[in-house]
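Asker: I have a structure here, written as structure tokens, and I will follow up with some questions on it.
The values are calculated or read from the model by the stated rules, or taken from the named source; none is laboratory data. All figures in this text were calculated on a predicted structure; none of them were measured in a lab. Glycine also receives a Cβ, built like all others from the backbone with ideal geometry; neighbour counts cover every protein chain displayed.
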Amino acid sequence: MTVFGTGYLGATHAACMAELGHEVLGVDVDDNKIAALSSGTVPFYEPGLPEVLERNLAAGRLSFSTNYELAAEFANVHFLGVGTPQRHGSYAADMTYVRAVIEQLVPLLRGEHVIFGKSTVPVGTAAELQELADSLAPSGTSVEIAWNPEFLREGYAVKDTITPDRIVLGVRSGESSAEALAREVYAQPLEQDTPFLVTDLQTAELVKVAANAFLATKISFINAVSEICEIAGGDVVALADAIGHDDRIGRKFLGAGLGFGGGCLPKDIRAFMARAGELGADQALTFLREVDAINMRRRDRMVDLAKRAFNGSLLGHRVTVLGCAFKPNSDDVRDSPALSVAGSLSLGGAAVTVYDPQGMENARKVFPTLGYAESASEALSDAELVILATEWQEFRDLDPKAVAELVARTHIIDGRNVLDVASWNAAGWTVEALGRTLTP
Ligand code: UDX
């Protein structure tokens with residue numbers, strides 16, 4: 001099989017399909033990515049992926065190329081995993097890269113082919129791509145478009161791909177060979193009783209955006225309750241624990257704090273709203289505008305708390321922000337709440353020092369003017385305020401007594417509600433947190 005696109009999704013899918021025993025060619029237009037992957041280097045941080053990549057390159061099951069002619073001859077099964085970023089100046093998803101693969105690949109195909117779309121796309125895309133493919137396929141060649149959305153989380157991408165919690169496949173009505181092929185491709189997870197849901201194309205496309213919209217809504221729900229807790233004097237963590245025991249609600253994704261970011265949730269809810277508008281159903285999803293707004297307000301709230309720590313003005317104050325990746329176990333800083341807070345504090349006049357175990361290189365490219373430290377202890381030295389913005393294990397494990405020796409003022413704001421407040425208080429720290437009333 002081939003896998004088009006070698007970003008987080010495509011590179012992981014290619015390597016993991018080889019791990020399942022398939023012969024895989026990963027294809028991208030980016031020479032640098034292809035060169036890196038061919039030499040066994042994963043161009044981003046994803047635990048476990050380098051080992052899978054190396055093992056399968058060595059076994060000869062996995063290779064990478066920029067050559068579409070080669071890809072067209074290599075396989076009859078193709079996966080499409082290119083990016084669908086937010087379009088500049090609009091909420092809608094940019095479908096340029098998805099269309100480009102079909103436009104370049106299909107005229108080169110001979111015989112019978114199935115293209116499984118994995119990218120997150122607006123509902124209706126697969127049917128449009130089928131029409132496009134039909135118009136470009138050489139005579140005697142048939143190309144079927146099916147949709148097989150991907151639910152992998154960064155940081156757990158290998159596990160989520162090899163042992164997914166469900167496999168969803170959208171197939172066209174009428175004649176289709178996609179389901180039989182998918183059963184071969186995913187034979188191993190299917191043997192382990194992974195739920196396999198075969199739907200129409202539209203439903204499969206919608207499953208993905210609906211799942212991400214639900215997750216975003218769950219996070220914003222608890223963060224909205226956070227706002228009330230802050231005013232009324234409640235504790236959102238105790239509240240989340242209490243409502244989470246109801247298994248209809250569940251405790252997962254009720255982590256109150258700086259909110260969601262990354263390459264998926266923010267852009268997916270916006271693209272979902274944009275598509276609903278195009279379909280004449282914008283009212284159905286206007287609540288997602290609130291979900292987005294609640295999420296963004298958490299960042300403002302953190303900046304306000306920081307200002308308050310200095311009696312209203314950040315000017316010249318030394319603030320250390322722990323974390324700049326959008327979540328732990330990732331080097332991804334796309335729409336990162338942590339980096340957004342660090343940037344706002346810096347623009348507000350603070351001298352900001354950032355440390356993150358993996359995200360620094362990417363953060364430097366986006367925000368070169370922040371101070372970047374080589375280690376947590378270097379970042380913490382002489383800080384007047386510490387903000388925990390991404391809950392890396394390294395930060396959860398910090399020893400409050402040892403950190404107290406490093407800083408100029410023992411004041412920390414927990415933006416992810418992960419610190420053991422009692423032990424930090426015992427070591428002399430003033431602890432504040434989003435959604436909790438901790439300090440009188
Ligand atoms: C998400 C979906 O989980 C995945 O299924 C989909 O394929 C891609 O989008 P990902 O972007 O890797 O995956 O991150 P996820 O683990 O879902 O976290 C998203 C954001 O929500 C992070 O910024 C995280 O910090 C935040 N979050 C998560 C919270 O603020 N609170 C929580 O309780 C959980």
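Asker: Identify, by number, the condition in (1) under 28 Å from GLY155 (Cα atoms); (2) modelled with pLDDT of 95 or more; (3) outside any helix (DSSP H, G or I) that ARG110 doesn't meet.
Answerer: Exception for ARG110: condition (1).
Asker: Return yes or no: is VAL366 in contact with a helix residue (DSSP H, G or I) (Cβ under 7 Å, 6 or more places away or on another chain), of a type outside the set (Ser, Thr, Tyr) and within 16 Å of the ligand (Cβ to nearest atom)?
Answerer: yes
Asker: If I ask for residues that are among the charged types (D, E, K, R) and either within 10 Å of the ligand (Cβ to nearest atom) or not in a helix (DSSP H, G or I) (or both), which ones from region 209-227 would you list?
Answerer: Matches in region 209-227: LYS218 only.
Asker: Another one. Starting from region 180-201, keep only residues that are basic (Lys, Arg), then list their pairs with residues that are not in a helix (DSSP H, G or I) whose Cβ atoms are within a distance under 8 Å, requiring at least 6 positions of separation or different chains.
Answerer: ARG183/PHE196
Asker: Can THR161 be described as among the hydroxyl-bearing types (Ser, Thr, Tyr), closer than 30 Å to PRO50 by Cα and not in a loop (DSSP other than H, G, I, E, B)?
Answerer: Details: among the hydroxyl-bearing types (Ser, Thr, Tyr): yes; closer than 30 Å to PRO50 by Cα: yes; not in a loop (DSSP other than H, G, I, E, B): yes.
Criteria met by THR161.
Asker: Now for a different question. Across region 30-68, which residue is surrounded by the most Cβ atoms within 10 Å (Cβ to Cβ) among those that are among the charged types (D, E, K, R) and in contact with a helix residue (DSSP H, G or I) (Cβ under 6 Å, 6 or more places away or on another chain)?
Answerer: Looking at residues that are among the charged types (D, E, K, R) and in contact with a helix residue (DSSP H, G or I) (Cβ under 6 Å, 6 or more places away or on another chain), I get GLU46.
Asker: Also, I was wondering about something else. Of everything in region 19-46, what is in contact with a Lys or Arg (Cβ under 6 Å, 6 or more places away or on another chain) and over 23 Å from THR120 (Cβ atoms)? Give them in sequence order.
Answerer: Correct list: GLU23 only.
Asker: Additional query: Working only within region 272-298, note down all residues that are of a type in the set (Lys, Arg) and surrounded by 20 or more Cβ atoms within 10 Å (Cβ to Cβ).
Answerer: ARG275, ARG298, listed by residue number.
Asker: Please verify whether region 310-326 includes one or more residues that are surrounded by 20 or more Cβ atoms within 10 Å (Cβ to Cβ), of a type in the set (Val, Ile, Thr), in a loop (DSSP other than H, G, I, E, B) and outside the structural domain of GLY155 (by TED's automatic domain parsing).
Answerer: no
Asker: I would also like to ask the following. Kindly check whether there is at least one residue in region 298-319 that is more than 30 Å from SER381 (Cβ to Cβ) and within 16 Å of the ligand (Cβ to nearest atom).
Answerer: As a first pass, look at region 298-319 and keep what is more than 30 Å from SER381 (Cβ to Cβ): none.
No, region 298-319 contains no residue that is more than 30 Å from SER381 (Cβ to Cβ) and within 16 Å of the ligand (Cβ to nearest atom).
Asker: For residues that are assigned to a loop (DSSP other than H, G, I, E, B) and charged (D, E, K, R), scanning just region 228-265, find the one that is nearest to the ligand (Cβ to nearest atom).
Answerer: This residue is LYS252.
Asker: Another question, if that's okay. Whether any residue in region 392-407 is part of a strand (DSSP E or B) and within 30 Å of the chain's Cα centre (by Cα) is what I want to check.
Answerer: Looking through region 392-407, none of the residues is part of a strand (DSSP E or B) and within 30 Å of the chain's Cα centre (by Cα).
Asker: More than 16 Å from the ligand (Cβ to nearest atom) and either closer than 19 Å to THR120 by Cβ or assigned by TED's automatic domain parsing to the domain that holds ALA256 (or both): which single residue out of LEU206, LEU201 fits that description?
Answerer: LEU201
Asker: Let me ask you something else. Quick check, is PRO189 within 24 Å of TYR8 (Cβ to Cβ) and assigned to a loop (DSSP other than H, G, I, E, B)?
Answerer: no
Asker: Going through region 68-102 one residue at a time, which ones are in contact with a Phe, Trp or Tyr (Cβ under 6 Å, 6 or more places away or on another chain) and in a strand (DSSP E or B)?
Answerer: Of everything in region 68-102, those that are in contact with a Phe, Trp or Tyr (Cβ under 6 Å, 6 or more places away or on another chain) and in a strand (DSSP E or B) turn out to be PHE79, LEU80.
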